Amino acid sequence: MRQPHALGLCDPLNKARVTGHQPRRMTYAEADTAIEALSAHFVESGLPANSVIAIQLPNTVEFVLTVLAAHRAGLVVAVLPLLWRHAELTAALNRTAARAIVTMSTVDGVSYADLAMHAAAEAFSIRHVCGFGGDLPEGMASLDDVLARPPGLTRAVIQDGRKAAMISFDVTAEGFRPVPRPHFSLIAGGLAMSLEADIRQGATVMAAFAPMSFAGLASSLAVWLLSGGTLALHHPFENEVLEQQINAHECEVLIAPAQLALRLGAADLAARMPSLRNVIGLWRAPEQVAASDAWIAPHAPLTDVYLFGEAGLFGARRGEDGMPVPVMPGPHGAPREQSGSSIAGEILLTPKGTLGLRGAMVPIAAYAPPQPVGETLTAQPPRDYVDTGYAARLDRPSGAICITAPPSGIMAVGGYRFLSNDLQEWARRLGQGALLTALPDRLSGHRLAGRAQDNARAREALSELGLNPLMVEAFRDRSGPV
């Protein structure tokens with residue numbers, strides 16, 4: 001309302017390659033009109049308030065518009081990672097009783113429209129399947145057509161920050177877990193990052209982190225809305241395109257996976273991307289922060305953000321020496337070093353020697369331990385924190401928290417987490433002699449390697465099971481030159 005003609009959203013420059021669409025630049029007024037049209041469509045489709053709408057979209061303006069339109073219509077957004085295929089999509093849709101799913105026709109040559117239609121066929125709660133892009137299958141509503149016509153009728157929704165706003169998905173020792181979150185939790189996550197990194201009002205923010213998680217939403221959507229500036233999006237990853245975007249939009253803030261940020265920082269960041277003033281690096285493997293390289297771009301200080309699956313996060317801005325700062329147990333403010341700052345959360349060491357979190361952004365109820373079998377009539381004492389499962393200890397000289405290892409029994413390849421037992425189960429389905437293992441990887445936590453008597457047949461079998469490309473490509477042929 002204050003600045004309707006200010007630039008609000010910028011698409012990736014390589015959007016034509018990613019989705020087949022030309023990049024878009026939208027002012028706040030244009031974005032608001034598009035959000036109103038999408039919101040009206042969701043209402044006219046008969047989606048009741050507080051029902052779940054699942055979204056599987058790339059990091060483009062369509063993602064931002066859809067999330068905000070769903071919230072304006074009083075819906076709960078369930079974010080589905082692009083990596084997921086039939087098996088995981090169906091499980092997520094059924095667990096959340098989603099009433100609708102929104103996707104893109106194709107992303108990087110993969111037909112996500114077909115994936116959504118097949119998953120919806122096995123999710124009995126789904127009533128509406130919507131998509132952006134051309135050549136949509138029969139039965140899928142075109143949201144491009146919705147954006148091309150004037151907004152219809154909307155409904156008055158009482159915005160309550162305590163009600164569920166999103167559902168993301170995590171894997172714990174107990175297995176696959178939907179994690180609902182209210183609006184205030186998203187705001188708390190965005191504030192923890194923007195205040196710790198000292199992002200100025202009206203800044204142009206480059207978000208180059210996959211948005212399909214709590215951290216992804218908080219670091220892009222929430223940070224942008226809190227700063228009131230411009231949000232430029234990059235669909236991960238093309239380094240040359242990312243650098244071109246940062247310079248073309250004169251971005252002041254870069255939000256990206258920490259390992260990528262460190263690589264950029266070591267490659268003469270000041271000369272190549274002079275407009276940057278803040279860099280926020282998100283660590284999916286927080287146990288790696290302490291051993292990371294020094295940050296050598298003082299013109300754009302680095303803020304480390306520790307991610308613990310979908311349980312929560314905290315940030316710590318590096319000092320002048322470029323090294324990670326010690327993280328102390330107890331309440332932590334944002335900014336961390338400023339006395340009297342607002343409390344962003346609390347870090348604690350659990351009796352099991354693991355890291356615990358609590359605070360406004362931490363969904364304690366979603367991680368409540370299961371009720372012991374045979375003790376249904378015995379009340380269990382409530383736990384007021386979430387045990388992340390990350391092994392941790394206190395450093396005796398400084399008293400700081402040292403995160404030493406990821407959760408036992410859980411593997412992580414980038415943002416994709418799964419139980420280590422699943423590896424053996426998937427290999428077992430491939431027959432005798434098949435081997436599937438996870439190897440430590442500095443960049444993504446783990447990487448997968450597989451071996452079978454016939455790798456091509458193994459890939460085909462895993463695809464038929466509906467597994468994602470990480471599992472399938474573990475059995476790629478390696479006979480070519482190194």
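The values are calculated or read from the model by the stated rules, or taken from the named source; none is laboratory data. Quick caveat, the model's predicted, so the values are computed rather than measured. Don't worry about glycine lacking a Cβ; one is built from the backbone with ideal geometry, like all the others, and counts go over all protein chains shown. The area values use the complete protein model at the heavy-atom level, side chains included, leaving out ligands, DNA and RNA. Shrake-Rupley method; radii C 1.70, N 1.55, O 1.52, S 1.80 Å.
Pairing each residue of the stretch 304-316 that is modelled with pLDDT under 95 with any residue that is open to solvent by less than 10 Å² (accessible area, probe 1.4 Å) and of a type outside the set (Phe, Trp, Tyr), provided the two are 6+ apart or on different chains, yields C-beta distances under 6 Å for Gly309/Asp170.
Within the stretch 31-56, the set of residues being polar (S, T, N, Q), open to solvent by 10 Å² or more (accessible area, probe 1.4 Å) and assigned to a helix (DSSP H, G or I) comprises just one member, Thr33.
When the stretch 48-70 is filtered for residues that are under 12 Å from Thr154 (Cα atoms) and at pLDDT 95 or above, the ones remaining, listed by number, are Ala69, Ala70.
Open to solvent by less than 10 Å² (accessible area, probe 1.4 Å) and of a type in the set (Asp, Glu) - does that describe any residue in the stretch 310-318? No; the residues of the stretch 310-318 include none that is open to solvent by less than 10 Å² (accessible area, probe 1.4 Å) and of a type in the set (Asp, Glu). Taken as a whole, the stretch 48-57 holds at least one residue that is touching a residue at least 40 places away in the same chain (Cβ under 8 Å) and within 16 Å of Asp108 (Cβ to Cβ). As a summary of the residue check, Ala400 satisfies the conditions (1) touching a residue at least 40 places away in the same chain (Cβ under 8 Å); (2) within 18 Å of Pro178 (Cα to Cα) except for the one numbered (2). Reported count of residues in the stretch 155-201, each being acidic (Asp, Glu), touching a Gly at 6+ places or on another chain (Cβ under 7 Å) and not in a helix (DSSP H, G or I), is 1. Residue count for the stretch 225-243, restricted to those that are farther than 19 Å from Val18 by Cα, open to solvent by less than 40 Å² (accessible area, probe 1.4 Å) and either without any contact (Cβ under 8 Å) to a residue 24 or more places away in the chain or among the aliphatic types (A, V, I, L, M) (or both): 0.
Those helices (runs of 4 or more DSSP H) of the stretch 394-482 in which at least 3 residues are open to solvent by 30 Å² or more (accessible area, probe 1.4 Å) and either farther than 22 Å from Ser292 by Cα or not acidic (Asp, Glu) (or both), considering only elements entirely within it, cover 420-429, 455-464. Scanning the stretch 322-338 turns up at least one residue that is more than 25 Å from Arg263 (Cα to Cα), surrounded by fewer than 21 Cβ atoms within 10 Å (Cβ to Cβ), in contact with a strand residue (DSSP E or B) (Cβ under 7 Å, 6 or more places away or on another chain) and at pLDDT below 90. Just a yes or no: is a residue in the stretch 10-26 over 14 Å from Phe132 (Cβ atoms), touching a residue at least 24 places away in the same chain (Cβ under 8 Å) and among the β-branched types (Val, Ile, Thr)? No, every residue in the stretch 10-26 fails to be over 14 Å from Phe132 (Cβ atoms), touching a residue at least 24 places away in the same chain (Cβ under 8 Å) and among the β-branched types (Val, Ile, Thr).
Is at least one residue of the stretch 119-131 in a loop (DSSP other than H, G, I, E, B), under 24 Å from the mean Cα position of the chain (by Cα) and among the aliphatic types (A, V, I, L, M)? Yes, the conditions are met somewhere in the stretch 119-131.
So that you can scan it fast, the table gives a plain yes or no per residue for (1) crowded, with 21+ Cβ neighbours inside 10 Å; (2) within 13 Å of the chain's Cα centre (by Cα); (3) in contact (Cβ under 8 Å) with a residue 24 or more places away in the chain:
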{"position": "Leu221", "(1), (2), (3)": "yes, yes, yes"}
{"position": "Gln245", "(1), (2), (3)": "yes, no, yes"}
{"position": "Ala267", "(1), (2), (3)": "no, no, no"}
{"position": "Asn278", "(1), (2), (3)": "yes, no, yes"}
{"position": "Leu282", "(1), (2), (3)": "yes, yes, yes"}
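Which condition breaks for Ala156 when tested against (1) open to solvent by less than 40 Å² (accessible area, probe 1.4 Å); (2) of a type in the set (A, V, I, L, M); (3) without any contact (Cβ under 8 Å) to a residue 40 or more places away in the chain? Condition (1) is where Ala156 drops out.
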